[in-house]
Structure formats: structure tokens, C-alpha cells
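See below for the structure under consideration.
The values are calculated or read from the model by the stated rules, or taken from the named source; none is laboratory data. Everything numeric here is computed off the predicted structure, so don't read it as measured data. FYI the Cβ positions are ideal-geometry reconstructions off the backbone, even for glycines, and counts take in every protein chain you see. To get the accessible areas, we keep the full protein, side chains included, count just its heavy atoms, and leave off ligands, DNA and RNA. Shrake-Rupley method; radii C 1.70, N 1.55, O 1.52, S 1.80 Å.
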Amino acid sequence: MKNEDSAKCFGGNMLYLTENFVPLTRIMIEKLDFTPQEKEETLALYNQIRQEITSSLKESDEEKMRQRLGSYIEQNQIRRDVFGLNPIVLAFQTAQLVVEEIGLKRDAVLAVLLHPSIEDGHLTIEEVGKEFGDSVARILHGLQRIQELYKKNPVVETENFRNLLLSFAEDMRVILIMIADRVNLMRQIRDTTQEDAKREVSEEAAYLYAPLAHKLGLYKMKSELEDLSLKYLEHDAYYYIKEKLSATKKSRDAYIEQFIQPVSERLTAAGLKFHIKGRTKSIHSIWQKMKKQKCDFEGVYDLFAIRVILDSPIEKEKMHCWQVYSIVTDMYQPNPKRLRDWLSVPKSNGYESLHITVLGPEQKWVEVQIRTERMDEIAERGVAAHWRYKGVKGETGLDEWLTNIRSMLETSDGLEAMDQFKMDLYEDEVFVFTPKGDLYKFPKGATVLDFAYHIHSKIGNSCTGARINNKVVPLRQPLQSGDQVEIMTSSNQKPRQEWLNIVKTSRAKSKVRLALKETQVKEGLFAKETLERKFKNRKLEMEESIMQQLIKKLGFKEVSDFYRHIADGTLDVNAVIDKYVEIQRDEQPVTGNNVAQSASDFVLDESHLPNEHYQDDVLVIDQGMKGVDYQLARCCQPIYGDKVFGFVTVNGGIKIHRVDCPNAPELRKRFGYRIVKAKWSGKGSSQYSITLRVIGNDDIGIVSNLTNIISHDEKLVLRSINIDSHDGLFSGNLTIMIDDTSRLEALIKKLRTVKGVKQVSRI
């Protein structure tokens, strides 16, 4: 190949593609066993990408890239991932997303295509810097740092998330590539058989990548991540809504046409250039509304929105949008509470639009979104689209945008940032001013107290109220856009427990908790000293086990709450000691639970069982932490041998859940940063409580046969049985003490052999 041909880079014709790219793919097929479909897709992607980024490429970029990829493949370095996917094909797919959906050019594309070589150690970042420049090397360095974090701990926890954000700050294109890569991966794993890996990828897409995409204004990618996550994690809900949408499509389209036609006529008469389209809400959005409103599909009234998109010069955009607003609200009655003006004050991620809800034909509420072509492209493809309207070519114009992203991500860190991303995803925003005119943004519903803590912790701790627009209001007063807020303080004011219900932002909540904790620690120490002194006066010795029983009997879940009530005088010390003596007198020696009561007269109320701590069978938690207090979750009753994970509770303890616990998807989606790894190691003598659901024919002796199987096994203990019989069938729950999963599986097989038993399942 001649040098002048190399200089054409990706700008050649199809002949150039087949002459220069096919030899590379032939090598791929021999070494990696490329399928014909993968070969065809790679060629098509290659052609599309080169057409898009020709203007930003440097001389010989393509030749160098081909040599690097060819060398990588020749040395047989390429391996398919856990899903069986080809890394070269994945890289080209992600590169196409980066170019077409986000608008990045040369540096980002080269980084994406070179990343598999870096990851396998076939190429160094220093070599990339020499051949392709520092900008490509910087992006790869950021991607590599994130890859190392994931290898250390696949779950993005609080501390790792903070480090992740620091990596983003190195070059903002890193996060954009990550989002595109996750969108691509979610598309490709539809038919995979690796269900565990698929679930982890989907959960992380829902609680981390979708909120990040939303934060950066990549709404199209955000919606796709949410819908695919719902499809993979809650399959039934996804297809239920999809089928409902298909069934109602005809009537919905007819209604949209009925609404649009008269509006279109009025706008045309006004001399406006526009087009109108109806947009059905995403399946994920409908599912969230169903859960939030606690209604079925038919109860969600705003299944679609009408979008009016104007062809308007930038200097007349606002005027034309408000003109459309005037025309639409003249025709249909508006709901003033549902007006959203992001024309006057755009969202921090650049989103601009005017949203109104009007009462359309048949007395149905309809959301109408009014925006221009420029605003629509920004809304669909992110803030990068803004630079197309400034006439900027290549990547030079992205600098300001990338700086804006950095400032957005640096405003929060760690757990606060995670909470704020989620809040931004589902809440609207309000903008308020200080007396000096500084503008602050808060989620809708934020109060005066949130504002005070945003200014400073000391201001928040001593806040008594505020003057909003020169009118005195209490500290629980909600903020409204446009308010001018002046905080009032008092040296006698102290934070109170109920303040946690007043503040709405994660930042304020954490500061209130910190202030309360400092106060409670001081008061708790004083109360404990007071109680110990009273015990000594009555010549009593304080036993920890009896104190724990006492605290529970008095209705306290936390020891700190118990001492706080003593400190503030709501709990009398002498009454506490009298109760302690009563418990001590009534306490009986424990004889164990190794003898099962008869199933006919033994029905156990599990709500009165004490929480059981199992430290006999060793659980390795997170990175081998020792001495960690943990409990087995009652919702899924894990036993030795189950695949488990840990969940850090608000009081710092750890609850152990089964991986297939019914609450696991919600915990991972909402609190992924509090998930820790856990696995069984070693084997002790503990027994675990499990509940089996049995259904069968109501034949004479069938229950007796079931209980005989359990009673004849000396290592099984029947703790309770609860049978219900109707219409010739019985169903019942058996609560059993058992060693591990292998014994459980053997027991279930035995119970299924009993004549008349139709179903045995673990609850």
C-alpha cells in the first residue's frame, strides 16, 4: 500500500475498504474464528465510522491502527468474554455509538479500538501516546484505571464510586465511552445463557449508568439502558407493558391524530414552520408510574406526549415556543401545576424545552412538549449536539462541554453523588436565590432547611427559619423557583430527630445525621454512666445478655435509642432497673431446640423469634474482613451452601441475603453501593431455619407421611407446621432446622416421592 493511499485514512471508497481491510479480517477468522456474521458486521461498521471521522483523522492513522490490530490478532491474544462476545466486534460497535450518538471523533474512536489490546497487555499506553498522541493515551489511561477498579471489586460501592469520579475528572470522554460501551453490551447480551453475569450487568446499568447518562443529557441512551435493564431484570413486567402498548396502539394513534390535526392547522395559519409527532413513553417510565401510583396499566393516563418541534432561528426560539404555548392553551384548557419552563432556565445538563399538560378531546390529559430542532437534538443526543449549531468541526469545540461535565461531577462525591443522581432522575428542579443574587439548584420538594445546610453545616444546625421574599417562614417551608431566601439562626437552636423528615437532599440528611450522632453520643455516654451508677447503688451487676433482652422488651431496636430516652427523661431509670430484675428472676436455663414438638399442636409465630447470629459456619465477607457482625435475612432464609451476598444496613451491621432473594433486584438497583461480596467457607455445626411450601391431595395420612420423613432423620428438626385444606387439596408451610443446601435438596426429593404430593418448594 502506498503512503498517499494511507493518507486517505477512512475517506476512501468501498474498493479501498475491501483491498485494505479484508486481509485483517482474514487473520481474525483464522485466529479468533470470526463468524461470517461478525465479519460482515465489522466491515459495515468500519465503513460507517470512517465516513464520520474522516475530517478529524491524522495522516497514517488508519495504517497504524491496522498494523496494531493485525499484530494483536496474529499473536492470538484475543479471547471472547464471559458472554462469548468478540472484543473486536464489540469495540467497533461501541465506536459507532460514540461517533453517531454522542458526537466524539478521532481520539475517542482510536481509544475504543485500541482498548482491547491495552487490556490484554499486548500494547502499552506509552506506545499509544508516541504513535497516536497524548489525548488518546489519556483516555485509555482513564479507561484502564476504571478497569482495575472493577477487577478489585465488581460492585461499585461508596469508596470505589468516589475513585471512579476521580477517574472521570482526568478526561470527561472516559465516562461518555463507558456509557456507550454499557449500552452496546446491554444490546448484545439479549440471548446469553450467562444469567448471573447478565443480571449483574443489568443491575449496574440501572443504578449507575442510566442516572449518569441522564445527568449528562444523553436521554436516548438513558432510556435504552432503563428499558433493557427492566427487560432483563423484570421480564414479566416488561412484556406485560409491551403487550398492553401493542394492544392499545391503534386507538392511541387515532387519538394522537385527533389531537394533532386542529393544532397543526392553527400553527400553520400563524406562519410557523414545524412538525408534530406523538411519542409513547418508555416502558420503564410507564412501569415506574404504575409502581409510584400503585395502579395497573390502565390507570396510567399519560402514556404518550405530543411534541411540537419548530424550525426556528436561534434568536427567535423562545418567542416562537411561547407563541405555540399560547395557541395550544387557547385551544385546550391547561393544568397550571404541570407547566415546566426549561426555556428561561435550562437544566444543568443543557436540556431546553417547554412542557405543558392540557385537557384534550374526551377529557383526557395530554402532555405537550414544545421545542426547536436544536433543542430536540440536544435532548435526544446530549449536549454534544450543541456544538453542531456553533459550526465547530472536529473535537476542538468539545473542550468547553467537557469542562462543564467535569464541574457537574465535581459538585458531589461518593454516596451523596449516587443519591443525587437518583434524585435528578425522578425529580424536577427548583432554582432559588440568596440575598446577594447567587443562584442555587435544588430538587423539587427541598425545604428552607436544605438551603441552610447547603450554605454551611453550622448555618443548618442553628437554623430557626427564613425570610422568603421578605416574608418569615418556618424551616420546613418548601422552596419554589424564583424564591429569594435569607436564613435566620439562633445560638440556642439544636438539630432534632424530626429534621430528617424535613430535609430532602442527601447532603442535608447526612449533615443532620452527623450532628444528631455527635449529640447522641454525648447524651448516651452520660445516660449510661447514670444507669451504671444506679445499678451500683442497688448492689446489682449489669449483665449484657439481660440488658439486650430488656432493651428489646421495652421496644427499642437500637441501643442508642434506649439511652437517648433515658437522657431526655422519657424513660425512668428506676423503672428500667425494676424491669431488669424481673427479667433476671424469670430467666430459665436454655435446654436447646433439638427436640421437635408435634406438628399437630406446634404452630410457631416467627415474629417473636430472636434474631439469630451464625458465626459457627464461617462467612467470608467482602475482602476477607474478620469479626464483622452479620445476620441472616429473614426474607429469604439463607443457609450454608446458598449463593449469598451482604447488604450493609443503616446501623452498620450486615444482613446476608440469598442471590435469588426476592428483594435482591431492588436492593442492587437502589442501594448497589451498599452491596458487599460474601461466601461460605468452612463448615461448623450450625442449623438453619428454612420454610418449605407443600401442596398436594388432601388424602388421609399424607401429612403424617411428610412429618415421618423429617422425624426419622436425626439431623432434621421440625419447628412448625401449618396446614390449610380446601376443595380436596391441602397446602402448608413446614419450618425445619437443617444443616446445608445438600441436605435440603435431598429432603425436597424425598418429600416429592410421597404419594399425593404435587409440589414442594422452598420459600
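Worth pointing out:
- Listed cross-link partners Lys441/Lys494; Lys244/Lys347; Lys281/Lys504 are compared with a 30 Å cut-off, the Cα-Cα value being larger for Lys244/Lys347.
- Contact order, relative form, for the stretch 194-236: 46 percent (alpha carbon pairs under 8 Å, 6 or more residues apart, mean separation divided by residue count).
- Options Ile370, Ile283, Phe259, ranked by Cα towards positive dipole end of the stretch 239-390, top entry (Cβ charges): Ile283
- Solvent exposure, largest accessible area first (probe 1.4 Å, DNA, RNA and ligands not counted), of Arg507, Arg340, Arg585, Arg371: Arg585, Arg507, Arg340, Arg371
- In the context of the full protein assembly, Glu532 retains an accessible surface of approximately 80 Å², using a probe radius of 1.4 Å and ignoring ligands and nucleic acids.
- Solvent-accessible area assigned to carbon and sulfur over the stretch 685-763 amounts to 46 percent, based on a 1.4 Å probe.
- Candidate cross-link partners of Lys273 among the lysines, defined by an alpha-carbon separation under 22 Å and a same-chain spacing of 8 or more, comprise Lys316, Lys318, Lys390.
- As a length-normalised measure over Cα pairs under 8 Å and 6 or more apart, the relative contact order of the stretch 680-762 settles at 44 percent.
- Surface composition of the stretch 44-126: carbon and sulfur make up 43 percent of the accessible area, probe 1.4 Å.
- Evaluated with a Cβ-only charge set (Lys, Arg +1; Asp, Glu -1), the stretch 710-755 carries a dipole of roughly 140 debye about its Cα centre, given to the nearest 20.
- The slack between Asn492 and Val82, meaning 0.36 nm per residue of separation minus the straight C-alpha distance, is 141.5 nm.
- Neighbourhood charge, 9 Å Cβ-Cβ cut-off, centred on Asn697 and excluding it, Lys, Arg +1 and Asp, Glu -1: 0
- Only Lys, Arg (+1) and Asp, Glu (-1) charged, at Cβ; the stretch 294-356 dipole about Cα centre in debye: 220 debye
- In this structure, the residue pairs whose Cα-Cα separation is over 22 Å, taken from Lys222/Lys242; Lys215/Lys289; Lys242/Lys294; Lys222/Lys669; Lys215/Lys294; Lys436/Lys458, are Lys215/Lys294.
- Under 19 Å of direct C-alpha separation, and excluding same-chain neighbours fewer than eight residues apart, Lys557 reaches these lysines: Lys517, Lys528, Lys579, Lys655.
- Note on Lys64: lysines with a C-alpha under 21 Å away, same-chain residues under 8 apart excluded, are Lys2, Lys8, Lys31, Lys39, Lys105, Lys130.
- Rounded to the nearest 10 Å², the accessible area of Ser742 at probe 1.4 Å: 70 Å²
- Short-range pairs are left out: with C-alpha atoms under 8 Å and at least six residues apart, the relative contact order of the stretch 198-281 is 21 percent.
- Summed side-chain charge close to Arg658 - residues other than Arg658 whose Cβ falls under 9 Å, Lys, Arg +1, Asp, Glu -1: -1
- The share of accessible area on the stretch 479-568 that comes from carbon and sulfur is 46 percent, using a 1.4 angstrom probe.
- Rounded to the nearest 20 debye, dipole of the stretch 221-365 from Cβ charges on Lys, Arg, Asp, Glu: 220 debye
- Share antiparallel - DSSP beta bridges, the stretch 299-379, percent rounded to 5: 60 percent
- Counting only protein chain heavy atoms and rolling a 1.4 Å probe, the accessible areas of His214, His726 rank, largest first, as His726, His214.
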